[in-house]
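The values are calculated or read from the model by the stated rules, or taken from the named source; none is laboratory data. Small disclaimer: the values here were computed from a predicted structure and weren't measured. Please note: Cβ atoms are built from the backbone with ideal geometry, for glycine as well, and neighbour counts cover all protein chains shown.
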Amino acid sequence: MCYYKMYVYLEIEKSNSMRYKLAVFDLDGTLVDSLADLGNACNAALAKHGFQTHETEKYRYFVGDGVPMLIRRALPQDVSDEVREAVHASFDEEYHRSYNVFTRPYDGVKKLLEKLSHSGVLTAVASNKPDVFTQTIVREMFGDVFSYVSGKKDRYEKKPAPGIVFHIMDKLGVSAAETVFIGDSSVDMLTARNAGTDSIGCTWGFRTEAELTENGADYLAHRPEDIYDIITR
C-alpha cells in the first residue's frame, strides 16, 4: 500500500472511531474576537441618541444574548421601548458599516478547523448574532469550511434555548451523543446542556474560566488546538 493510501485509510479509521462527529461553535468570543467592533458600533449608536458610552471591556458582559439584550444592557434601565428600538436601528446601521474593522479569527482557529475537516469531523456555527451578520462574518473570515451556519432567526429562540442546535443536528444527521458544543460563555454551556450535548468552554473568549466551570463545561480549552485534542482523544 502506498503512503498516500495508507494515510487516507488511517484518517478514515480515525474519524470513524471518534466519539464526536459534529462540533458546533459559537461565533463571537469563540471563533472571532469581535469585541471592539461590537463595542464601537454600540457606542456610536448611544452617542447618536445622546446617551453615555462605555469602555470596550464592559461589552464583555453586554454581548452574548443577542442584539436586543446588548442594547438593553448598554442603555439606562428607565428608557422607553421606542428609544431602545431607535438605538437598535442605529446600531444595525453602524455595525453594517464597521463589523470587520478589528474583528479577526483568534490565532489557531483556522488551523483547528482545517484539522477537524481533514479528520472527518463536521463543523457548524450557532450564534445569537443576527443571521445576516453571522453569515457575512463567517463567509469572509472562514470561507465555506462549515457544514452549516446559523445566526439568530425568528423561528428559533435565542441560545441557551436548544432549537438551533437540534436543527443543525437534524440537518447533518448527527445525534446529541455525537455532538459537542463549543463556546466562551454561560449561555453556550447552558445551550449544550439543554441540547443534550457535551460542551467545551473556551477560556480565551469574552468571559471567565470560572463562569464556564460554574455553568457545567465538560471540558476547558485554553487554546484552539486543545479542542482538537479533546475531540480526537
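Among the residues of region 136-159 satisfying the criterion of being of a type outside the set (A, V, I, L, M, F, W, C) and within 12 Å of the chain's Cα centre (by Cα), which is nearest to Gly64 (Cα to Cα)?
For region 136-159, the residue satisfying everything is Lys159.
The set of residues from region 17-70 being over 22 Å from the mean Cα position of the chain (by Cα) and assigned by TED's automatic domain parsing to the domain that holds Thr203 comprises Ser17, Met18. Take the residues in region 186-206 that are touching a residue at least 24 places away in the same chain (Cβ under 8 Å) and hydroxyl-bearing (Ser, Thr, Tyr), then tell me which one is nearest to Val174 (Cα to Cα). Checking each candidate, the answer is Thr197.
For region 208-227, which positions are in contact (Cβ under 8 Å) with a residue 60 or more places away in the chain and surrounded by 23 or more Cβ atoms within 10 Å (Cβ to Cβ)? Scanning region 208-227 gives a single hit, Ile227.
Listed here are the residues, each with its yes/no results for (1) in contact (Cβ under 8 Å) with a residue 60 or more places away in the chain; (2) polar (S, T, N, Q); (3) assigned to a strand (DSSP E or B); (4) more than 17 Å from Phe25 (Cα to Cα).
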position: Phe91; (1), (2), (3), (4): no, no, no, yes
position: Asn100; (1), (2), (3), (4): yes, yes, no, yes
position: Ala126; (1), (2), (3), (4): yes, no, yes, no
position: Gln135; (1), (2), (3), (4): no, yes, no, no
position: Val138; (1), (2), (3), (4): yes, no, no, no
position: Asp144; (1), (2), (3), (4): no, no, no, no
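Can you pull out every residue in region 95-145 that is surrounded by 17 or more Cβ atoms within 10 Å (Cβ to Cβ), under 25 Å from Pro162 (Cβ atoms) and of a type in the set (S, T, N, Q)? Result: Thr123, Ser127, Asn128, Thr134. For region 181-199: of the residues being in contact with a strand residue (DSSP E or B) (Cβ under 8 Å, 6 or more places away or on another chain), of a type outside the set (Gly, Ala, Ser) and farther than 11 Å from Asp26 by Cα, which is surrounded by the fewest Cβ atoms within 10 Å (Cβ to Cβ)? By that ranking, first place goes to Arg193.
If the condition is being buried (at least 18 other Cβ atoms within 10 Å of the Cβ), of a type in the set (Asp, Glu) and not in a strand (DSSP E or B), then region 15-64 contributes Asp26, Asp37.
Of the residues in region 158-170, at least one is free of Cβ contacts under 8 Å to residues at least 12 places away in the same chain and surrounded by fewer than 21 Cβ atoms within 10 Å (Cβ to Cβ).
Among all positions in region 105-126, there is no residue which is modelled with pLDDT of 95 or more and within 20 Å of Ile71 (Cβ to Cβ).
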